[in-house]
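Notes to accompany the following structure.
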Amino acid sequence: MSNDVTISAPTSNTDTHSPEIPISQTNSSSSCHGVKPITVYLSSSMFSPLKEGGLSSNYQDAKVFSYPGATVENIGINFSKDCQAKMVDTSRVTKVIVLCGSNNIDSILQSPKHQRNLLIGTAASSRADYRERCHQDIKDLVMQLHHWAPSARIKLVNILPRESWSRNDLISNINRFISGLAENHRFMDYVSTERDRNLFSDKNGYRKSRYFSTKGTDNIHLNALGIIRLARHLKHIAHI
């Protein structure tokens with residue numbers, strides 16, 4: 001998938017619940033407001049197609065860090081070792097937008113992706129242990145980012161929906177945990193793509209598959225239209 005998809009956003013796919021923020025707006029070489037704040041976008045491959053120029057504006061810069069295939073724990077490890085992250089002026093970082101946990105789902109269920117709706121190969125207690133480990137890894141990542149940029153608000157985005165009920169049940173559990181975590185930390189916010197928006201699922205909870213890649217039986221990756229939709233929502237969140 002081309003990284004340019006966020007630059008050529010058709011107006012018909014604008015999120016009607018967010019004000020129009022052109023994805024094609026690139027970063028100005030100078031700002032009338034002096035030194036611009038920075039919003040950091042951090043995820044696994046979910047953020048790989050996002051362009052820093054498309055997320056930046058005359059009012060703020062964007063820095064995108066994506067680590068394909070990374071679990072929550074590995075996102076933290078990779079970010080701590082990333083030379084580009086070490087070069088970021090953390091005094092300018094005002095927001096860190098994080099989407100993590102997508103690659104933990106199958107590990108928790110211990111079921112291959114092609115075996116949809118099946119919970120096999122593990123006892124319920126083991127699944128609970130894996131789930132609790134994921135919860136702890138999310139806490140650790142949040143605190144790592146808070147220590148890295150103490151003045152920044154950490155904005156955790158919900159894990160996007162899947163097609164199978166077993167995965168969506170687990171995703172709902174983790175999303176509830178993330179929401180509760182944000183409520184208990186003053187420097188955190190929970191960012192929902194579905195609450196009052198239904199960007200990627202309908203009102204009955206079914207995934208809007210037209211925004212997802214057709215590769216694989218339960219693929220979590222967004223297609224071009226889905227990436228445009230996500231990028232607009234994230235850019236709106238970064239600018240409010």
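The values are calculated or read from the model by the stated rules, or taken from the named source; none is laboratory data. Note that the coordinates shown come from a computational prediction; the quantities given were computed from them, not determined experimentally. Neighbour counts are summed over all protein chains in view; Cβ atoms, including those assigned to glycine, are modelled from backbone coordinates with ideal geometry. In case anyone asks, the SASA skips ligands and DNA or RNA and just uses the protein heavy atoms, side chains included. Shrake-Rupley method; radii C 1.70, N 1.55, O 1.52, S 1.80 Å.
Taking segment 135-156, which residues are closer than 18 Å to Asn78 by Cβ, open to solvent by 40 Å² or more (accessible area, probe 1.4 Å) and either among the aliphatic types (A, V, I, L, M) or touching a Lys or Arg at 6+ places or on another chain (Cβ under 7 Å) (or both)? The answer is Met143, and nothing else. Residues that are in contact with a Leu (Cβ under 6 Å, 6 or more places away or on another chain) and β-branched (Val, Ile, Thr) within segment 70-96 comprise Val72, Val96, listed in sequence order. The residue pairs whose first member lies in segment 50-61 and is charged (D, E, K, R), whose second member is modelled with pLDDT of 95 or more, and whose beta carbons are closer than 6 Å, counting only pairs six or more residues apart or on different chains, are Glu52/Ala62; Glu52/Val64; Asp61/Lys36; Asp61/Ile38. Within segment 28-66, restricting attention to residues that are surrounded by fewer than 18 Cβ atoms within 10 Å (Cβ to Cβ), in a loop (DSSP other than H, G, I, E, B) and small (Gly, Ala, Ser), the residue that is modelled with the highest pLDDT is Ser48. Please go through segment 163-191 and pick out each residue that is open to solvent by less than 20 Å² (accessible area, probe 1.4 Å) and part of a loop (DSSP other than H, G, I, E, B). Correct list: Ser164 only. When Ile159 is tested against (1) crowded, with 18+ Cβ neighbours inside 10 Å; (2) in a helix (DSSP H, G or I), exactly one condition is not met: (2).
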